[in-house]
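Heads up, the thing below is written out as structure tokens.
The values are calculated or read from the model by the stated rules, or taken from the named source; none is laboratory data. Everything quoted here is computed from the prediction, not taken from an experiment. No Cβ is skipped: glycine too gets one built from the backbone with ideal geometry, and neighbour counts run over all protein chains shown. To get the accessible areas, we keep the full protein, side chains included, count just its heavy atoms, and leave off ligands, DNA and RNA. Shrake-Rupley method; radii C 1.70, N 1.55, O 1.52, S 1.80 Å.
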Amino acid sequence: MADSTDPRITRSREAILSAARELLREDGPAAVTHQNVAKRAGVGRATVYRHWPQPKLLLDDTMAGVRMPFFRDPVPPVRPWLARQMRTLADELALPEIQAVTAALFHGAPDEPDATARREQLIATISGQLGTALDSAARTGELQASADLLDAPAFLIGPLVFRSMFERRPVTDAMIDHLLNAIGTWTASPSPAADQADVGRGRDGGGA
């Protein structure tokens, strides 16, 4: 295989991935084939095969270049931060490229290792980072959960996906507010003492 540091190879890969992402946005995952991508990128099909011998590898790298929000870096108070994050996710789910990636995750066969790994990675990322934010809110007293927080992704994210992907209707701020209320009772703001204790636990490595 040619030296991957060769600028010509780098440019070739970038052109191919750019073409693949255009096809993903326009026509969905099924359009990301070696033939379609080669034609769109203006390269030979053999060039695409040289970089990505299998179609799944090409789709994986194409999807990896599409940004999706994952509830990073929560800040107190958690509820308004979480509402903004859900608003961002809802807006992202309305974009064709994000819908294409989500559809690819949904439609991958359960017995396909690559598809299963992508779904598990997405679920672990969302659950982990959302769980960290909600645990923080619960520790400071900002949130009194009325449901198992392990179910939070289903309560908070599932309806956004359903509304955007299946109903093809906009997610309203009122809907986001309702979903947040469904997981428990929120106070106006966490106790300053509790918040400081929570920060201290994070600084010295203590806590959950």
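General remarks:
- For Gln129, net neighbour charge (Lys/Arg +1, Asp/Glu -1) across residues whose Cβ lies under 14 Å away: -1
- Surface accessible to a 1.4 Å probe, Arg11 within the full protein complex, Å²: 140
- For region 1-100, radius of gyration divided by Kirkwood radius, i.e. Rg to Rh on alpha-carbons: 1.13
- Taking the 1.4 Å solvent-accessible surface of region 17-71 as the whole, the part contributed by carbon and sulfur is 49%.
- Largest accessible area first, the listed residues Ser146, Ser127 line up as Ser146, Ser127 when surface is computed with a 1.4 Å probe on the assembled protein chains.
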